[in-house]
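Notes to accompany the following structure.
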Amino acid sequence: MTAREDNNLHAGTDIDLAVSLGDSDRVADCPDIWMDPEVKTQIELFAATDVSKELAGVLLGELVTEGATPLVRVCAAIEAKHTEAVHTSVKFTHATWDDINRVKDEKYPAMRIVGWFHTHPGFGIFLSRWDMFIQENFFNLPWQVAYVVDPVNKTNGFFRWENGKIAQVGREGPRAEPIDVVLPPTERPGRAFPWAAVLSGALNVGLAAALVYLVFLRPAEVRIVEKKVAANTPRGVTVTPPAKPDEQRMWRDYTVKPGDSLWMIAEMEYGDGSFLEAIRKLNNLDEQDRLYPGVRLKLPCNELASALCGKTIISTESNVANSGAGLQKEQKRQ
C-alpha cells in the first residue's frame, strides 16, 4: 500500500464513524494515508524557510476505520516552535508542546494528532535513530505516521507502523536498520577507495592523541619566580610566596540550572552552541541523555573544547565576558 493524495480511497466514508480515542490503540497498523494538498504545500513552504537546521511539526486529522484498511486523513499541520534544532536533529521542548496544544485547542479542537513531520535538508528521506526514538515514544499508536521532507532535493516520504515495525510507505524489500551517521551512506563497492572512512578514522585518532597529550603528556610550564627576602629574615632561610590559584585547569565544574540545555551552556561558555559536542564527549553523554537541575557537568577549557570538536573557538569580547560571568557566578554558588 502507498500514501494516497486523492479522495477516491474510502470515498463516501462518514468521518463521524471514526473510532473513539479509547479504541484507536486497537486499530490494526499498515493504514492507508491521505494528505490534503494544501497541507502538503504548507509543509513544503515551511521546510524551505530554513535549510540550515531541521524543522518539525505535528500532523492533525482523522482516523477512519470503515473498510478493510484503516485510513489516516491528514487535514492540517501545526509548525513546531521553540524547538532545540541543529542541522541533523530536532527536539520538541516543553514550550513546543505547550504551543502545539494551544493552537490545536483554538483552531482544530475536533481533530487528533495523527503523526508528525520534520525536514532533512539535503540528506534524503530516512529515519535516524533519534527520529526512531521520537516515533517509538511519542507517536507509537499503530496508525500514527511520520512525514519526512528534504527541501533541498525536493523529495518527501511517509513512514508508518507495519507489523509492529516502522517502515517507509511504498518501499519494497525489508526495512533498513536505522543508522547513527549524520548523512545516509553512499555505497559504491569496487568503484572508489573509501577516503571518507579513512579520513574520519584518522581524525578520531588525532583527536584522541591530542586529548591524551593535553591531559597527561604536556610538559609542566616552568616559571622563574623572583623571591624577595625580608631584611629581618635569618640567613639561610628562604621565603616562598603563596601559591597562586590553579589557572591551567582543563575544565571547570558547572551545576545545571532549570531551563538549561547543552546548546545554551556551550553558547554561554564558548560563544558557539555547536561546542556542546565537547561538553557531551567530556561527560560521556549521549544525544538522548537529558539534563536535570542540580547535575554537575565538566566544562572543558577553550583549548580542550577546540581539540574535542576539531575546530577553533573564536574569542570575542562577548563570549569572554559571558564565560567570566558564568565562572564567577558558579564560584559564588559553591
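Measuring from label point to label point, each 7 Å out along Cα→Cβ, what is the residue 261 to residue 196 span in nm?
A separation of 2.7 nm, rounded to one decimal place.
What nm distance separates the two modelled labels at residue 123 and residue 30, each placed 7 Å from Cα along Cα→Cβ?
It is 3.3 nm.
Past 19 Å, Cα to Cα: identify those pairs from 91/311; 81/107; 53/91, in the order given.
Distance filter (> 19 Å) returns 91/311.
Once R0 is set to 56 Å, what does the formula 1/(1 + (r/R0)^6) return for the Cβ-Cβ distance between residue 105 and residue 213, expressed as a FRET efficiency to the nearest 0.05?
Between residue 105 and residue 213 the formula returns 0.45.
What relative contact order, as a whole-number percentage, does segment 248-323 give when Cα pairs under 8 Å and 6 or more residues apart are counted?
Normalised by residue count, the contact order of segment 248-323 is 43 percent.
Rank the residues 97, 130 as a footprinting-exposure proxy: fewest other Cβ atoms within 10 Å of their Cβ go first.
97, 130
At 0.36 nm per residue, and after removing the present C-alpha to C-alpha distance, how many nm does the segment from residue 42 to residue 286 gain when stretched out fully?
84.5 nm
Got a sec? How would 249, 296 order by Cβ neighbour count within 10 Å, fewest to most?
The most exposed by this proxy come first: 296, 249.
None of the figures in this text is laboratory data; all of them are computed from the coordinates on show. None of the values given here were measured: they were computed from a predicted structure. Note: ideal-geometry Cβ built from the backbone for every residue, glycine included; neighbour counts use all protein chains shown.
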